[in-house]
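Each value in this text was obtained by applying a stated rule to the coordinates, not by laboratory testing. From a predicted model like this one, the values you see are computed outputs, not experimental measurements.
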């Protein structure tokens, strides 16, 4: 049975950089990144998360991880196209 609750997301930081990740609960994960929790990504320790700029649903963790890796390889210009800017 597929676990179809996986989301691939991009968060823009307060300094304009992009962070890409996967989760099963985007609201919880954004809160972890934004809070003082040690569960948030180290990426956000220098500049906090500003907003979620992109999300897409994947059928399973494997496909979400593959899509995350593909997005991380994109240039900034390609990421801007992906999020519609």
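Specify whether the C-alpha gyration tensor of the stretch 6-82 places it in the rounded, prolate or oblate class, a ≥ b ≥ c being the square roots of the eigenvalues: rounded for a/c under 1.5, otherwise prolate if a/b is larger than b/c and oblate if not. Verdict is oblate for the stretch 6-82. With contacts taken as Cα pairs under 8 Å at a separation of at least 6 residues, the stretch 6-82 carries a relative contact order of 38 percent.
For the pair residue 61 and residue 39 in one chain, pulling the backbone fully straight at 0.36 nm per residue adds 6.0 nm over the alpha carbon distance.
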